[in-house]
Each structure stands twice: as C-alpha cells, then as structure tokens.
Amino acid sequence: METTIEVVEQSQVGQVRRMAVELARAQGLGETDLGRAALVATELSTNLVKYGKQGTVTLNSFHDTAGAGLQLIASDVGPGFPDFDASRRDGHSTGGSLGIGLGAIMRASDLFDTYSRIDQGTAILSRIAADRNVPAAPARPALELGARRAPMRGEVECGDAWAHARSGRWERLCLVDGLGHGPLAAVASAAALAAFRAAPDSATPGDIIGLCHAAMGNTRGAVMAVAAIDQAEGKFVFAGVGNIAGVVHSGESSHHLLSVDGIVGHNVRKVLMVERCWSPGDTLVLATDGLSGRWNMTAYPGLLKRHALLVASVLFRDFAQPTDDATVVVARDLR
C-alpha cells in the first residue's frame, strides 16, 4: 500500500526522508542508494514547502522489468513551472535558495518525469533503483503501468484493488471496487483478484468476470472491470460490471468503455465484451467511482505523453474524493 504524507511545513520534510529511507532499506537498497533516496525525499519535500500548495509526497515500492526499488511522487496545486528547462539548471532559483534542488533530484534518480501546468500545479516522479551501476539494465516494458490507490478517509484498509498479469500473448488488467469500504470490501476485492490471477490463458475478460462471480458468493460483492491487450496482434478486449470508468485514448480520440449493471458475486446478467483495435501509443485509463466522473484528458495537454504513474497521479490529485476508496490505473503503450 502506498503511503502519502502531506507536506506544508518544514517538520514534515524529515518525516518524508525517514519514510523514504525505511522503505528503500526494506527493498534491499544499499547505503549509496539509501543516500540517494534521502536526498530526493528531502529536496522534493523542501520544494513543496517553499513553492507548493496542498503538497503531498506519495512513497511506495516498484518492481517491473526495468528494475526494483523506491518511487516517490510529489504533487501540488501550486503555481507550476513557468520554465522547467530553466528551473532544472543549477543556480536557478525563484525562492532565494542555491537553486540546485531540481537538478540534484534528476541526477539522483534512475527515472525522473514531471508534468506541470501554470496555475494548475506540478507532479514529479522519481525512482531510486537498487544496483544503479549494474551495466546491463533490463529494457523498459512495452506496456507501462501506473496506479494510485487510497482508502476512504478514516479507514486503514482499501476496498479497491487492482492487478496486472501476463497470460500467454495477453496483458491483462483487473480493477475491483468492493461494495462499501473497509475490511469487508477488501475481502471481496481480494477474492476477485485471486480468481483473476488463477484464470487460464484461454479465458476472455468475460470468462474471468464469471470466474470471479463464482468465487465471490460468500462476500459482499463488487463492481469490476477486466481488460486484455494483445500488443502484437493489435487487439483490445474489455468487460465490466458496475460503475468502473474506462477510457481508451488513441491519438486524438477517446473511446469510453461500456459496462453492464450488476454486482459481481451476487447478480450479474450476461456480460458484454467490448472489442476494438489497439495501436502503438494507446493509453487505457480505468478508475473506480472514488474518482469524480468529471475528469477529461483534454484539460491536460501533453499529460498522456508522460509516465503512466504521472498520468494516474495527476488524475488522482485532482479528482479523488476522500469520502470513498479511490483508485486509478493507467496502461500506456510505449511502442
């Protein structure tokens, strides 16, 4: 589970730094990498105190074909960068400092990306990987994934859950929203993900929802969606039950994905499967109803070119509602 820390005053900088080092150590990072994690956490948090508005830092681990380690996402709704290229150069400062913070973050990061809009805020992603100096680093995956998830305010367990699995030629994604919130909702979501992961290679998204329905009879049930992407053949298949929002962004167009009414585990009529072409550069966005339905990518020019985790983080920052569990998952084709 990700950890998010509000950063609005100086004492919280130390809190973020300690959490970053703790999580990095748990991921097996060595002393040099722990130092990089502490530096990035400190500089990101300090910038939020100086320039941000309603700033937060979210920390968790990452593990994919490109490596494993710690990732940090700093986001705010402050003034944004008027000139990012100038801000990244050492010596540039608008706050009376030495002006080396952003450059230091970039040099210490194994992966760095940012999205900023004037008067709309900034989101920055930094990843600190283990064994930075290993010469033959694995290639980045062709399908880049990013997600943000948080429980309803006041809850510890999140009733939303998501998973990704490679199955034969298919890249599969599942997003589940257990009814209500808290531990019982989490139980329902866990049952769905167990069935999703156990599904055979031949199972379609519709078949997988059927398997989840059978596995969730003793739970309170859930709404959910399953997507399958065959990049080699250019195929996309989707099935959804309930109010999971799904959109495929392809070039300049957006295609909203239709779900049927029902509750998986209790009452599901025949599941509708949506099939369409999948092209290099396409992006899939899935979200539970903990995100306000008002999000529209046309308000964020250039965002779909950024890392999938930044896409998810900006949407989460602007549309997640504290009165419900909230999750957004993004899959971006890098070809």
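Does R36 qualify as being modelled with pLDDT of 95 or more, under 30 Å from A163 (Cβ atoms) and in contact with a helix residue (DSSP H, G or I) (Cβ under 6 Å, 6 or more places away or on another chain)?
So R36 passes the test.
List every residue pair whose Cβ atoms lie under 6 Å apart, where the two residues are 6 or more positions apart in sequence or sit on different chains, the first residue falls within segment 141-165 and is at pLDDT 95 or above, and the second residue, located anywhere, is of a type in the set (K, R) and surrounded by fewer than 21 Cβ atoms within 10 Å (Cβ to Cβ).
A165/R197
Among the numbered criteria (1) more than 19 Å from V260 (Cβ to Cβ); (2) of a type in the set (A, V, I, L, M); (3) in contact (Cβ under 8 Å) with a residue 60 or more places away in the chain, which single criterion is violated by A198?
(3)
Filter segment 296-324 down to the residues that are touching a strand residue (DSSP E or B) at 6+ places or on another chain (Cβ under 6 Å), under 16 Å from F112 (Cα atoms) and among the charged types (D, E, K, R) and list them by number.
Result: R306, single match.
Please list, ordered by residue number, the strands (runs of 3 or more DSSP E) wholly in segment 123-240 having 3 or more residues that are surrounded by fewer than 22 Cβ atoms within 10 Å (Cβ to Cβ). Explain how you work it out, then say what you get.
Numbers: elements: 143-150, 160-167, 170-178, 222-230.
Because the criterion is at least 3 residues that are surrounded by fewer than 22 Cβ atoms within 10 Å (Cβ to Cβ), the strands (runs of 3 or more DSSP E) in segment 123-240 that meet it are 143-150, 160-167.
Among the helices (runs of 4 or more DSSP H) confined wholly to segment 1-88, which include 3 or more residues that are more than 16 Å from S126 (Cα to Cα) and either polar (S, T, N, Q) or in contact with a strand residue (DSSP E or B) (Cβ under 7 Å, 6 or more places away or on another chain) (or both)? Let's see the steps before the verdict.
Working: elements: 11-26, 31-51, 84-87.
The helices (runs of 4 or more DSSP H) meeting that bar are 11-26.
Condition check: at pLDDT 95 or above, farther than 23 Å from R220 by Cα and not aliphatic (A, V, I, L, M). Does D230 satisfy that?
Working: at pLDDT 95 or above: yes; farther than 23 Å from R220 by Cα: yes; not aliphatic (A, V, I, L, M): yes.
Judged against the criteria, D230 is a match.
Every residue in segment 251-273 that is surrounded by 19 or more Cβ atoms within 10 Å (Cβ to Cβ) and free of Cβ contacts under 8 Å to residues at least 40 places away in the same chain, please.
Within segment 251-273, L257, S259, G262 qualify.
Looking only at segment 274-294, which residues are free of Cβ contacts under 8 Å to residues at least 40 places away in the same chain and assigned to a loop (DSSP other than H, G, I, E, B)?
Matches in segment 274-294: S292, R294.
Among the residues of segment 302-309, is there at least one that is assigned to a helix (DSSP H, G or I), open to solvent by less than 60 Å² (accessible area, probe 1.4 Å) and in contact with a helix residue (DSSP H, G or I) (Cβ under 9 Å, 6 or more places away or on another chain)?
Checked against the condition, which is being assigned to a helix (DSSP H, G or I), open to solvent by less than 60 Å² (accessible area, probe 1.4 Å) and in contact with a helix residue (DSSP H, G or I) (Cβ under 9 Å, 6 or more places away or on another chain), segment 302-309 yields at least one hit.
Can you pull out every residue in segment 101-121 that is part of a loop (DSSP other than H, G, I, E, B), open to solvent by 50 Å² or more (accessible area, probe 1.4 Å) and either of a type outside the set (D, E) or closer than 18 Å to L29 by Cα (or both)?
D110, I118, Q120
Go through segment 241-250 residue by residue and tally those that are surrounded by fewer than 19 Cβ atoms within 10 Å (Cβ to Cβ) and not in a strand (DSSP E or B).
1
The values are calculated or read from the model by the stated rules, or taken from the named source; none is laboratory data. Values in this document were obtained by computation on a predicted structure and should not be read as measured data. Reconstructed Cβ throughout: ideal geometry from the backbone, glycine too, with neighbour counts over all protein chains shown. Side chains included, ligands, DNA and RNA excluded: accessible areas come from the protein's heavy atoms. Shrake-Rupley method; radii C 1.70, N 1.55, O 1.52, S 1.80 Å.
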